[in-house]
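Just so you know, all these numbers are worked out from the coordinates, no wet-lab data involved. Because the structure is predicted, anything quoted here is derived from the model rather than measured. Don't worry about glycine lacking a Cβ; one is built from the backbone with ideal geometry, like all the others, and counts go over all protein chains shown.
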Amino acid sequence: MANLFDLNHRVAVVTGGNGGIGLGIAEALATHGCAVSIWGRNAEKNAAAAAQLSKLGGKVQTLVCDVASRDETARATDATLKEFGRIDGCFANAGIGGGGRTAFADRTEDDWRRMFSINLDGVFHAFQPVVRHMIARAGQGDAFGRLVATSSMASLFGTARNEHYAGSKAAINSLIQALAVEHARYGVTANAILPGWIDTEMTEGLQANDKFMANAVPRIPMRRFGKPQDFAGIAVYLMSGASAYHTADTIVIDGGYSVF
Ligand code: NAP
């Protein structure tokens, strides 16, 4: 049981792992011995994240990759396999926020397409080449895989002026269930993490809005926004052998917000 959460010899991809929740996930995995490949668009953020993870003594690779591009995630998968020889888990975490300011009646086609191209297509693009590798490995007697997507509580709530974001995240929940059923035979689990209000770059604007904070924080039983480090436990658990029989779930990490 002592080794239940040991991730030595495991390799994980974390899209959007150069900041916010993704960096919290990457740090936790590296701390437990996992090699991590971070895929993000911003080379400077990638370099800063690599420096931070290197201090933990973990093996880390960063790749400039826009998950909206199928070609770029295919290339990033190849580069990760070249560096580490295998991929055991893929955390499809990269995403953009919806802004919450534009009425549905005024939503532009471009705005709508951009949201889905990153938040939903990005998950498809990250998972597909990785799944092909996992299926091939299972065929060689090494059946193990973890697919984890970062969804949102917005997939469950009515989120005014954010319907494009909510729709992209709700689609992830269904996608995860389908992937879980289809790939169980390969030893591959699929789960979604649903964060509540989390202190990251994405929510900087909200956190600077005193009226919003005065309304929102008292509705969180923990009386605070979550931090990227609050995703350490769930990331290590989902990546580890401890979660072998846990699949097709939508796991809420929100300080109790959704039931209060
Ligand atoms: P964040 O700090 O803004 O991080 C977003 C990450 O996604 C960054 O690493 C960014 O890297 C990456 N990214 C964005 N677009 C990308 C693209 N096209 N290709 C590759 N990487 C891309 O925000 P966060 O709060 O940590 O968000 C992480 C996930 O949690 C998102 O899916 C978000 O929807 C979800 N979430 C957040 C909250 C919250 O309250 N913060 C709540 C619920 C769900 P680059 O800038 O280098 O591209």
What's the Cα-based Rg to Rh of the range 107-157, Rh via Kirkwood? 1.17
Kirkwood hydrodynamic radius, computed over distinct alpha-carbon pairs, for the chain: how many Å, to one decimal? 18.5
Only counting other Cβ atoms within 10 Å, I'd like TRP112, TRP197 sorted with the fewest neighbours first. TRP112, TRP197
Spin-label pair ALA79/LYS211, simplified geometry with 7 Å Cα→Cβ offset, distance in nm: 4.4
Can you give me the Cα centroid spacing of the range 96-137 and the range 144-213 in angstrom? 11
Equivalent ellipsoid, the range 162-260 (semi-axes from 5 times Cα gyration tensor eigenvalues, Å): 29, 16, 11
With the 8 Å Cα cutoff and a minimum separation of six or more residues, the chain has a relative contact order in percent of 21
In sequence order, what are the phi-derived ³J(HN,Hα) couplings for the range 88-101 according to the Karplus relation 6.51 cos²θ - 1.76 cosθ + 1.60 with θ = phi - 60°, rounded to whole Hz, with x for glycine and proline? 9, x, 10, 9, 7, 10, 4, x, 10, x, x, x, x, 10
May I ask for the angle, rounded to the nearest 10°, between helix 121-139 and the longest principal axis of the chain, with both axes built from Cα atoms and the value confined to 0 to 90°? 20
Compute the normalised compactness of the range 1-107: alpha-carbon radius of gyration over 2.2 N^0.38 Å, N being the residue count. 1.17
What is the count of Lys pairs in the chain whose alpha carbons sit under 28 Å apart, if the two are 8 or more places apart or on different chains? 12
Using just the Cα positions, wrap the range 73-157 in a convex hull and report its mean projected area in square nanometres, one decimal place. 7.0
